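What follows is a set of notes on a single structure, which appears directly below.
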Protein chains: 2
Amino acid sequence: MNIRPATAQDWDAIWPIFQTIVSAGETYAYEPTTSKEQGYRLWLELPRQTFVVEEAGEILGTYYIKTNQAGPGSHVCNCGYMVAPAARGRGLATAMCEHSQQLAKTLGYLAMQFNFVAASNEGAVRLWNQLGFATVGRLPKAFNHPALGYVDALVMYKTL
Amino acid sequence: MNIRPATAQDWDAIWPIFQTIVSAGETYAYEPTTSKEQGYRLWLELPRQTFVVEEAGEILGTYYIKTNQAGPGSHVCNCGYMVAPAARGRGLATAMCEHSQQLAKTLGYLAMQFNFVAASNEGAVRLWNQLGFATVGRLPKAFNHPALGYVDALVMYKTL
């Protein structure tokens with residue numbers, strides 16, 4: 001398993017992962033109908049850097065890192081992670097999160113923040129807790145889940 | 001005192017307010033060195049709508065409203081308010097915040113969120129509390145204040 005910077009050429013392989021996760025509407029604050037072109041802009045262009053997890057030439061996961069707030073907030077970064085459904089349960093999210101924390105420190109960030117973790121996404125919340133993130137905020141009914149309706153969203157934070 | 005939609009022609013009058021507040025670096029998550037052109041984009045183009053407070057032909061304050069998170073978060077809005085230093089203490093922030101809450105309901109939003117209130121900005125925190133906003137999150141040392149150093153930032157939230 002190799003984590004390397006994403007290139008524009010990777011988007012065709014990233015897109016099925018992105019689209020599966022985003023169209024489900026259960027975890028990410030993107031429009032579920034986001035197009036392939038819009039997704040490219042959101043995932044590959046707007047972030048500071050984007051990475052892929054590759055194994056035997058196949059892309060199994062991807063993450064981005066960006067500055068969370070400009071100016072007086074620019075020492076805190078934000079990341080988002082996606083794992084291909086077929087590659088779940090193999091520790092890719094952990095590997096990407098640890099990679100991103102190392103990278104964040106190299107880039108000079110002092111902390112990492114997740115702005116909008118659906119409280120219903122219990123696996124993610126448990127994993128971020130295990131990796132040292134604290135729940136520092138709870139946004140009442142801020143996440144409109146397609147099956148569960150309005151659920152709370154969590155703000156999670158780790159000093160690096 | 002009249003609150004009306006901002007036009008592109010208003011930017012010359014808004015800019016001194018924006019620049020004074022942003023260059024101080026004490027309250028807003030914008031680069032303190034934001035240029036007039038960048039400020040136009042941030043304050044007048046990117047938000048969903050922007051308003052000004054006008055009195056006798058003079059612009060004394062301004063606010064924007066935008067959707068805070070896309071997709072599953074798009075029922076929650078975010079606003080930012082600025083008052084000209086010479087017009088402080090006259091209730092403009094309260095008037096704008098109440099105006100924005102009415103507008104938010106008209107636009108179909110169910111809640112309003114402030115993502116990044118410097119805990120050192122005690123006047124703002126007190127005012128948002130008075131206007132019904134709860135502190136739902138506290139980001140440790142997330143705000144780099146020019147005089148105080150790293151202070152906490154608050155996430156404030158009101159169901160409309």
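Structure data summary
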{"read-out": "Whichever residue in the range B:1-35 is surrounded by 20 or more Cβ atoms within 10 Å (Cβ to Cβ) and among the small types (G, A, S) and, among such residues, is nearest to the other protein chains (Cβ to nearest Cβ)", "value": "B:A29"}
{"read-out": "Residues being of a type outside the set (F, W, Y) and within 12 Å of chain A (Cβ to nearest Cβ) - total across the range B:92-110", "value": "1"}
{"read-out": "Scope the range B:36-73; condition in a loop (DSSP other than H, G, I, E, B) and away from every other protein chain (no Cβ under 13 Å); matching residues", "value": "B:P47, B:R48, B:A56, B:G57"}
{"read-out": "Matching residues in the range A:85-101 - criterion: being closer than 15 Å to A:N2 by Cβ and either open to solvent by 10 Å² or more (accessible area, probe 1.4 Å) or part of a loop (DSSP other than H, G, I, E, B) (or both)", "value": "A:R90, A:G91, A:A95, A:E98, A:H99"}
{"read-out": "Qualifying positions in the range A:39-75 - in contact (Cβ under 8 Å) with a residue 40 or more places away in the chain and crowded, with 18+ Cβ neighbours inside 10 Å", "value": "A:T50, A:F51, A:V52, A:V53, A:E54, A:I59, A:L60, A:G61, A:T62, A:I65, A:N68"}
{"read-out": "Members of the range B:27-50 found to be more than 21 Å from B:C77 (Cα to Cα) and within 13 Å of the chain's Cα centre (by Cα), listed by number", "value": "none"}
{"read-out": "Out of B:I14, B:I65, sole residue that is hydrophobic (A, V, I, L, M, F, W, C) and under 12 Å from the mean Cα position of the chain (by Cα)", "value": "B:I65"}
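The values are calculated or read from the model by the stated rules, or taken from the named source; none is laboratory data. Just so we're clear, the structure is a prediction, and the values are computed from it rather than from any experiment. Here Cβ is always computed from backbone atoms with ideal geometry, including for glycine, and neighbour counts include all displayed protein chains. Remember, those area values only see protein heavy atoms, side chains included, never the ligands or the DNA or RNA. Shrake-Rupley method; radii C 1.70, N 1.55, O 1.52, S 1.80 Å.
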